[in-house]
Amino acid sequence: MPELLSVRNLKIEATSYPPGEPPKRITIVDGVSFDLQKGKVLGLIGESGAGKSTIGLSALAYGRGGAEITGGEVSLNGTNILALGKAGIRKVRGAQVCYVAQSAAAAFNPAHRLGDQVIEASVKHGLMSKDEARKRALYLFRVLGLPHPETFGDRFPHQVSGGQLQRAMTAMALCPNPELIVFDEPTTALDVTTQIDVLAAIKHAIEETDTAALYITHDLAVVAQISDDIMVLRYGKTVEYGSVQQIIEAPTQDYTRALVNVRQTARQEAPDQSQALLRVDNVSAQYSNGFKVLHGVSLHLCKGQTLAIVGESGSGKSTLARVITGLLPPSDGRITFEDKPLTPALKSRSRDELRRIQLIYQMADTAMNPRQTVRDIIGRPLTFYYGLRGAAKTARVKELLEQIEMSNGFIDRYPAELSGGQKQRVAIARALAAKPELILCDEPTSALDPLVAEGILKLLMKLQTESQLSYIFITHDIAIVRAIADSVAVMHRGRLVRFGPKSRALSPPFDDYTDLLLKSVPEMEIGWLERVLSTRRMASAGN
Amino acid sequence: MSNPTETESLPRQRFQERFPLLALVIERILLSLLLLVAVSMLIFGGVEALPGDFATTYLGQSATPQAVANIRAELGLDRPVVTRYFEWLAGAVQGDFGTSWASKNSVSEQVGNRLGNSLFLAGFAAVISVPLAVGLGMLSVHFRNRMPDKIINVISLAAISLPEFFIGYLLILYFAVNFGIATFPATVYEGMGFIERLKAIALPTATLVLVVLAHMMRMTRAAILSVMSSAYMETAELKGLSAFRAIVKHAAPNALAPIINVVALNLAYLVVGVVVVEVVFVYPGMGQYMVDAVTVRDMPVVQACGLIFAAVYIFLNMLADILAIIANPRLRHPR
């Protein structure tokens, strides 16, 4: 069978402008080769910076943000598309090869109706008439399980949910009957229960239309459900390339093995969960416009233990954290800390109350002042709570750096000079500096690559044993819950649906929502998607 | 669980939820009216607080206390400020701005003529400058960071940096005095033909265009550039659309709101900022009228001009706000 897409020795470079240094050329992708046959799916997997998106876009002869394809060949049906001129490549894009972006919300034009955007490429390339394109869009909306397919196209992007947008983007890519679609992390930004529907819809649609695909993701469990072949990438180079079966079941490289085995750890929960450090009693909260976001939540956390709060976006899990920190005082109910009531509002809390509860955020980037060095960032709470200055402060900062397993050499670096994992470590050190009893961790690992995230989790566990810290860990990732929690709270639409020690909370009998949530978490197992779908009809297709 | 805030929403809240666009537009209009009333107080109060008065200026050397008191009584200046404010406001609402102290003519009639002239000048300048600015903005996006972009930028910046009276005198020097191809002063009168009118106001129009061009052009450029870097423009490119279609169909609708805003702001400036240019070119518009009135402390005229300028400014800004609201698809098509 002839190859549909054949990539040979691809080399992609960009110019970077490091502050205070002359611009330099960096190689993003180096010597990557692969083949893709008609109707097959190749998964590209790797951490951020592995060059997987860049490789995917090369199938459209496109370099994002200054990336330039400087070497190699990208042949589509035997034609090297890199050698086509501007006009030639335009005939390929949106007709033969289409692209599905990670954030459909940003990739759709807010000013136009979805239907018009879905059929635009097909009509403009002269592939079909407007009526034919509309008919095809309607067919695709049905195949992708979108609600009210007849009128779905009349809506504007802001009028539909994220999961629907992602499916609409898939419909847009499928509409011109392309030979190849590049999916760039199409489900990464979605909740797990939504992800499974979108994943199933994409898989169904590309099988139905016999379209080949490049599927880019950082989640091996996801790509195992949809691909025929997998290529593992790191630092722009191929680590391993083989069939799904071989990569998942018999990886030959250490890096692939680490990816396959990531988060297989599970921690034994603490046996005694009766001595509460923090007690949340029937707490409700609402926004100033009267919109109620929490309904009578009661739970507790013991000293030196970890409570994981799980839920999808909009479930109220972050709001609960805001209530505990006092950023959003509860409208009803009360919170006690070591059996003493906690002052509801942040601004009236005493300095000692503030010190005892610290926060770590999802985006370490935005939670740090980019113009302060690590010394200032970690040193600020030392001065604020303990009045440390000068040499004493520096000594303590160095101690904290040691605790988070970073060398003293980082003390005068700026956040921009740190990697994502290092930034999160500095944020942890800043929280530790106050010597808190409770740290609220709001999805601290969800923006990180799996292996880096694992390092952060291990660090948090080590610190817990060292200094009897208690954690409230907000996450949407069940694997993390298994790895770190003592007790689990499941939230859904502002209500607590389940709470208890991990062993009880995560074993049957389940309530409907927890069941759906647990079953939606992709597992590193070929055929998992089919197995789950056969037990569960697309219940939440409206997502 | 019963939730009082969800079930018992106020009629106003329900209206806002069902017609967010209409609610916002109405809110803007009400706010503008409120603002206009506040401005009217400021104008009246400000004029009241000015040192010296019409009587002493008018009488000059012969300002005996008795004569001053007579004139003040005649003009009603001996009555309380609040009474006079409400009388003035009530008149203004009906289009009656009282009688000029200096000429004893109806202010409204005079202002009517002058306002027409001013609007004609500002309108003509707008007709030229708005398309020119938007066009140049698009051109400099197309040639971003290349020579044409830089030239457009430097020239427009130079034009905005020079005060308008200076530009005015430069234009007079070269085009009216040295080359003699334009007319000066820019006198217009009733019964003048349309083409002749245009000829007469060529130089003041050019001055105004040069002053407002740079701001609008740079805003257009910035608005389009920010839209061009968004993800949906990448989508358009990856759909294989032509650059022209991508800009017209995908970039323009989203760049509209900021452009509308800066255009309206500059239109307001054209009407209000025309004062200096009118004086330089001796053009019989509102600005000239107001400046003359100030020199003789003809308060009804000053107040009328001030209020009209403020009204024009507030109206154009309100229009910009409303258009920007309408340009937002999220408000036009609520969930």
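Bear in mind these aren't lab numbers, they're just calculated from the coordinates by the rules spelled out. Fair warning: this is a prediction, and the values are worked out from it, not measured in the lab. A quick note on method: Cβ atoms are made from the backbone with ideal geometry, for glycine too, and the neighbour counts reach across all protein chains shown.
Given R₀ = 56 Å, what would the calculated FRET efficiency be for B:Leu42 paired with A:Glu523, taking r from the Cβ atoms and rounding to 0.05?
Values: r = 70 Å, r/R0 = 1.25.
Efficiency, from the Cβ-Cβ distance: 0.20.
What average count of beta carbons from other chains do you get within 10 Å of the Cβ of residues in A:97-104? Let's see the in-between values first.
Working: counts 2, 3, 5, 2, 5, 1, 1, 3.
Per residue, the number of nearby Cβ atoms from other chains is 3 on average.
Determine, for each peptide in A:194-201, B:227-234, the mean count of other beta carbons within 10 angstrom over its residues, then list the peptides with the highest first.
On the way: A:194-201: 23.2, B:227-234: 18.2.
Taking the mean over residues of other Cβ atoms within 10 Å, the ranking is A:194-201, B:227-234.
Less than 16 Å from a label point 7 Å out along the Cα-to-Cβ axis of A:Lys347: which backbone N atoms in region A:317-340 qualify, by residue?
Label zone hits: A:326-330.
Express in nm, to one decimal, how much length is gained between A:Ser446 and A:Lys91 on full extension, taking 0.36 nm for each residue of separation and deducting their alpha carbon distance.
124.0 nm
Quick check: the distance between the Cα centres of region A:31-65 and region B:260-325, to the nearest angstrom?
60 Å
Output the relative contact order of chain A, whole-number percent, from Cα pairs under 8 angstrom with separation of 6+ residues. Mind showing how you got there, number by number?
Working: 1062 pairs, mean separation 84.8, N = 543.
Normalised by residue count, the contact order of chain A is 16 percent.
Given the options A:Leu259, A:Ala321, A:Tyr215, identify the residue whose Cα lies farthest towards the positive end of the charge dipole of chain A (+1 on Cβ of Lys, Arg; -1 on Cβ of Asp, Glu).
A:Ala321
Which log10 I(q)/I(0) values, to two decimals, does region A:197-262 give at q = 0.12, 0.14, 0.24 Å⁻¹ under the Debye formula with one point per Cα?
-0.32, -0.43, -1.06
In percent, how large is the relative contact order of chain B, given Cα pairs closer than 8 Å and 6 or more residues apart? All intermediate terms of the calculation are to be shown ahead of the outcome.
On the way: 336 pairs, mean separation 88.7, N = 335.
Relative contact order for chain B comes out at 26 percent.
Above 18 Å lies some portion of the pair distances; for region A:438-542, what is it as a whole percent of all C-alpha pairs?
Numbers: 3082 of 5460 pairs.
The answer is 56 percent, as a whole percent.
Just to be sure I understand: if I project the alpha-carbon convex hull of region A:393-467 onto a plane and average over all orientations, what area do I get in nm²? Don't skip to the answer; put the middle values down first.
Values: hull surface 20.2 nm².
The Cα convex hull of region A:393-467, projected and averaged over all directions, gives 5.0 nm².
Place a +1 charge on the Cβ of each Lys and Arg in the protein assembly as shown and a -1 charge on the Cβ of each Asp and Glu, then give the dipole magnitude about the Cα centre in debye, rounded to the nearest 20. The partial results should precede the final answer.
Working: 86 positive and 79 negative charges, 99 e Å.
I would put it at about 480 debye.
Would you mind computing the Rg to Rh ratio of chain B from its alpha-carbon coordinates, Kirkwood style for Rh? Intermediate values should be presented prior to the final figure.
Working: Rg = 25.2 Å, Rh = 23.5 Å.
Taking Rh as the inverse mean 1/r over Cα pairs, Rg/Rh reads 1.07.
Jot down the per residue volume, in cubic angstrom and as a whole number, of the convex hull over the alpha-carbon atoms of region B:211-278. Present the calculation step by step, with values, prior to reporting the outcome.
On the way: hull volume 4.9 nm³, N = 68.
Roughly 72 Å³ of hull volume per residue.
Considering the options A:Gln358, A:Gly409, B:Gly116, tell which one lies farthest towards the positive end of the dipole of the protein assembly as shown, charges being +1 on Lys and Arg and -1 on Asp and Glu at the Cβ, about the Cα centre.
A:Gly409
Under a Cβ-only charge scheme (Lys and Arg +1, Asp and Glu -1), can you give me the dipole magnitude of region B:107-332 about the Cα centre, in debye to the nearest 20? Present the calculation step by step, with values, prior to reporting the outcome.
Numbers: 14 positive and 11 negative charges, 185 e Å.
For region B:107-332, the charge dipole is close to 880 debye.
Sorting check: for B:304-317, A:246-259, which peptide has the highest mean count of neighbouring beta carbons within 10 Å, and how do the rest follow? Don't skip to the end; give the middle numbers.
Values: B:304-317: 20.0, A:246-259: 16.6.
In descending order of packing, they fall as B:304-317, A:246-259.
What ranking do B:140-148, A:121-129, A:75-83 get when scored by the average of other Cβ atoms within 10 Å per residue, highest first? Intermediate values should be presented prior to the final figure.
Details: B:140-148: 13.6, A:121-129: 18.1, A:75-83: 15.6.
Output ranking for B:140-148, A:121-129, A:75-83: A:121-129, A:75-83, B:140-148.
Can you pull the semi-axes for region A:276-507, root of five times each eigenvalue of the Cα gyration tensor, sorted largest first, whole Å?
Working: eigenvalues 170, 81, 52 Å².
Semi-axes (√(5λ), whole Å): 29, 20, 16.
Is there a simple number for the mean count of other chain Cβ atoms within 10 Å of the Cβ of residues in B:238-250, and what is it?
Mean partner-chain Cβ count within 10 Å for B:238-250: 6.
Counting only Cα atoms, I'd like the Rg/Rh figure for region A:112-152, Kirkwood definition for Rh. Mind dumping the intermediate values first?
Working: Rg = 9.9 Å, Rh = 10.3 Å.
Using Cα coordinates only, the ratio equals 0.96.
Please grab the % of Cα pairs in region B:89-163 that end up more than 15 Å from each other.
Numbers: 1987 of 2775 pairs.
Above the 15 Å cut-off, region B:89-163 has 72 percent of its Cα pairs.
Taking the Cα centre of region A:272-354 as origin, sum charge times position over the Cβ atoms of Lys and Arg (+1) and Asp and Glu (-1), and report the length of that vector in debye to the nearest 20.
On the way: 10 positive and 8 negative charges, 52 e Å.
Once rounded to the nearest 20, the dipole reads 240 debye.
Below 12 angstrom from the Cβ of B:Val274, what's the summed charge of the other residues (Lys, Arg +1; Asp, Glu -1)?
Numbers: positive: B:Arg114; negative: B:Glu164, B:Glu278.
Charge balance in the 12 Å sphere: -1.
Using only the Cα atoms of region A:1-113, each taken as one equal point scatterer with no solvent, compute I(q) by the Debye sum, divide by I(0), and report log10 of the ratio at q = 0.10, 0.15, 0.24 Å⁻¹.
Values, matching the q order: -0.34, -0.75, -1.47.
Averaging sequence separations of C-alpha pairs under 8 Å and six or more residues apart, then dividing by the length of region A:3-261, give the relative contact order as a whole percent.
Working: 515 pairs, mean separation 67.4, N = 259.
Computed value for region A:3-261: 26 percent relative contact order.
If the label point is 7 Å along Cα→Cβ of B:Phe315, which residues in region B:81-105 have backbone nitrogen under 19 Å from it?
The answer is B:89-98.
So what is Rg over Rh here for region A:211-362, counting just Cα atoms and using Kirkwood for Rh? Can you show the working numbers first?
Working: Rg = 22.6 Å, Rh = 19.5 Å.
Result for region A:211-362 is an Rg/Rh of 1.16.
Once you have the alpha carbon radius of gyration of region B:193-309, what is it after dividing by 2.2 N^0.38 Å, with N set to its residue count? Don't skip to the end; give the middle numbers.
Numbers: Rg = 20.8 Å, N = 117, 2.2 N^0.38 = 13.4 Å.
Computed over Cα atoms of region B:193-309, the ratio equals 1.55.
For A:Ser129 and A:His158, what does the FRET efficiency come to when R0 = 41 Å and r is the distance between their Cβ atoms, rounded to the nearest 0.05?
Calculated transfer efficiency: 0.90.
P(r) tail for the protein assembly as shown, what percent of Cα pairs lie past 54 Å?
Percent of Cα pairs beyond 54 Å in the protein assembly as shown: 32.
Hey, for a label at B:Leu323 modelled as a point 7 Å past Cα toward Cβ, could you say which residues of region B:218-257 have their backbone N under 20 Å away?
Those under the cut-off are B:218-227, B:248-257.
Expressed in nm to one decimal, what extension gain is obtained for the pair A:Tyr414 and A:Tyr255 from 0.36 nm per residue of sequence separation less their Cα-Cα distance?
On the way: separation 159, 0.36 × 159 = 57.24 nm, distance 2.96 nm.
Length gained between A:Tyr414 and A:Tyr255: 54.3 nm.
To check my understanding: the extent here is largest minus smallest coordinate of the Cα atoms along each principal axis. What are those three numbers for region A:3-261, in Å, largest first?
Here the spans come out as 50, 42, 42 Å, largest first.
Give me the inter-chain shielding for B:268-274: mean count of other chain Cβ atoms within 10 Å, whole number please.
0
Using the Karplus equation 6.51 cos²θ - 1.76 cosθ + 1.60 (θ = phi - 60°), what ³J(HN,Hα) coupling, rounded to whole Hz, does each residue of region B:112-117 give in order, writing x for Gly and Pro?
So the J values, rounded to whole Hz, are x, 4, 5, 4, x, 4.
Can you tell me which lysines have their Cα less than 22 Å from the Cα of A:Lys423? Leave out same-chain residues fewer than eight positions away.
Candidates past the 8-residue exclusion: A:Lys393, A:Lys398, A:Lys435, A:Lys458, A:Lys462.
Could you tell me how far the Cα centroid of region B:56-82 sits from the Cα centroid of region A:359-423, in Å?
Answer, in whole Å: 74.
What is the distance, in nm, between label points placed 7 Å from the Cα along the Cα-to-Cβ direction at A:Glu207 and at B:Phe19?
5.1 nm
Which residues' amide hydrogens lie under 5 Å from the amide hydrogen of A:Lys303, considering only partners 5 or more residues apart or on another chain, with H built in the peptide plane?
Here the answer is A:Leu277, since their amide H atoms fall under 5 Å of that of A:Lys303.
Rank A:Leu438, A:Tyr513, A:Met524 by how far each Cα sits towards the positive end of the charge dipole of region A:433-543 (+1 on Lys, Arg Cβ; -1 on Asp, Glu Cβ) and give me just the farthest.
A:Tyr513
Within 10 Å of each candidate Cβ there may be at most 16 other Cβ atoms; applying that plus a DSSP loop requirement, which trypsin sites (Lys or Arg not before Pro) in region A:464-524 survive? Each step should come with its number before you reach the end.
Values: sites: A:Arg482, A:Arg493, A:Arg495, A:Arg498, A:Lys502, A:Arg504, A:Lys519; in loops: A:Arg493.
The qualifying sites are A:Arg493.
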